[in-house]
Amino acid sequence: MPKVTYIEHDGTVHTVEAELGSTVMETALRNDVPSIVAECGGGCTCATCHVYVDEAWLEKTGAPSEQEETELDAAFDVRPNSRLSCQIKVTEDLDGLVVRTPSYQGR
Ligand code: FES
């Protein structure tokens with residue numbers, strides 16, 4: 001199974017196994033990563049699953065859709081590597097993916 005690493009703003013690292021076909025957001029919730037909230041449950045309407053994709057993974061995760069871009073416009077502290085984790089599907093190619101979570105987001 002591919003592994004995904006989440007790094008919280010305080011440096012806490014969570015490296016977890018992800019099911020193929022699930023999203024980076026679903027993987028975080030399943031593994032109790034506390035800084036992914038996902039209020040809308042993956043509908044791309046809340047931006048509480050905001051992550052910063054590690055630079056080395058930007059090409060593989062691809063570009064956000066138009067809807068995701070619109071939602072990100074309303075998020076805080078958006079950066080060029082910002083993504084909504086509910087819109088990133090786990091594939092074999094993403095084995096080793098590293099994302100960071102914003103300081104304002106948490107449960
Ligand atoms: S879970 Fe709501 S936008 Fe991703």
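The values are calculated or read from the model by the stated rules, or taken from the named source; none is laboratory data. Note that the structure is a prediction, hence the values are computed from the model and not measured. As a convention, Cβ positions derive from the backbone with ideal geometry for all residues, glycine included, and neighbour counts pool all protein chains shown.
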- Item | Residues being in contact with a strand residue (DSSP E or B) (Cβ under 8 Å, 6 or more places away or on another chain) and within 6 Å of the ligand (Cβ to nearest atom) - total across the range 27-56 | 4
- Message: Given the condition within 14 Å of the ligand (Cβ to nearest atom), of a type outside the set (Ser, Thr, Tyr) and crowded, with 16+ Cβ neighbours inside 10 Å, answer yes or no: does some residue in the range 5-25 qualify?
- Response: yes
- Do we find that residue 82 is free of Cβ contacts under 8 Å to residues at least 40 places away in the same chain and in contact with a Leu (Cβ under 7 Å, 6 or more places away or on another chain) in this structure? yes
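Taking residue 61 as the residue in question, decide whether it is more than 13 Å from the chain's Cα centre (by Cα), of a type in the set (S, T, N, Q) and at pLDDT 95 or above.
Values: more than 13 Å from the chain's Cα centre (by Cα): no; of a type in the set (S, T, N, Q): yes; at pLDDT 95 or above: yes.
Taking the combined requirement at face value, the residue does not satisfy it.
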- strands (runs of 3 or more DSSP E) fully within the range 1-88 counting 2 or more residues that are of a type in the set (D, E, K, R) and in contact with a Phe, Trp or Tyr (Cβ under 6 Å, 6 or more places away or on another chain): none
- Among the residues of the range 61-107, write down those that are polar (S, T, N, Q), within 13 Å of the ligand (Cβ to nearest atom) and loosely packed, with under 14 Cβ neighbours inside 10 Å. 65, 67, 70
- Query: Which residues, counting only those in the range 14-63, are touching a Lys or Arg at 6+ places or on another chain (Cβ under 9 Å) and acidic (Asp, Glu)?
  - Reply: 17, 19, 54
